[in-house]
Amino acid sequence: MARTYLEIQNEIAQLQQAAATARRKEVTEVIGRIKTAIAAYGLTAADLGLAPAAGYRDAAGNRWSGRGRRPAWVNAALAAGKTLEQLRA
């Protein structure tokens, strides 16, 4: 006998719930493995391509993406005669 529409909808809902539970479990496990590898290899966000690229930097290690308001160190460097091109990372 063929299943009814309601039976199929109920099965879909159960499968979606099971899939969501399995995904949460797998994501938790994957995150754990990633954290372990990051710690073991001393990886940084920049190594993984996750850090925003610094558009500008100075010798003191200050960084600015070039977006938003200029930080004080950029303004000071410009006032001292530097150009933005000289500060480009």
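The values are calculated or read from the model by the stated rules, or taken from the named source; none is laboratory data. Everything quoted here is computed from the prediction, not taken from an experiment. Cβ: placed from backbone, ideal geometry, glycine included. Neighbour counts: every protein chain shown.
Could you tell me whether any residue of the range 37-46 is outside the structural domain of L84 (by TED's automatic domain parsing) and closer than 15 Å to A89 by Cβ? Checked the range 37-46: at least one residue is outside the structural domain of L84 (by TED's automatic domain parsing) and closer than 15 Å to A89 by Cβ.
List the pairs whose first member sits in the range 1-23 and is at negative phi, whose second member is at pLDDT 95 or above and assigned to a helix (DSSP H, G or I), and whose Cβ atoms are under 9 Å apart, counting only residues at least 6 apart or on separate chains? Sorted first by the residue in the range 1-23, then by its partner, the pairs are R3/E11. The single condition among (1) out of contact with any Ser or Thr (no Cβ under 9 Å at 6 or more places or on another chain); (2) surrounded by 10 or more Cβ atoms within 10 Å (Cβ to Cβ); (3) outside any helix (DSSP H, G or I) that L15 does not meet is (3).
I'd like to know if the range 3-23 contains one or more residues that are over 17 Å from the mean Cα position of the chain (by Cα) and of a type in the set (K, R). Within the range 3-23, one or more residues are over 17 Å from the mean Cα position of the chain (by Cα) and of a type in the set (K, R).
Each residue in the range 32-86 was checked for being part of a helix (DSSP H, G or I), surrounded by 11 or more Cβ atoms within 10 Å (Cβ to Cβ) and under 20 Å from the mean Cα position of the chain (by Cα), and 2 of them qualify.
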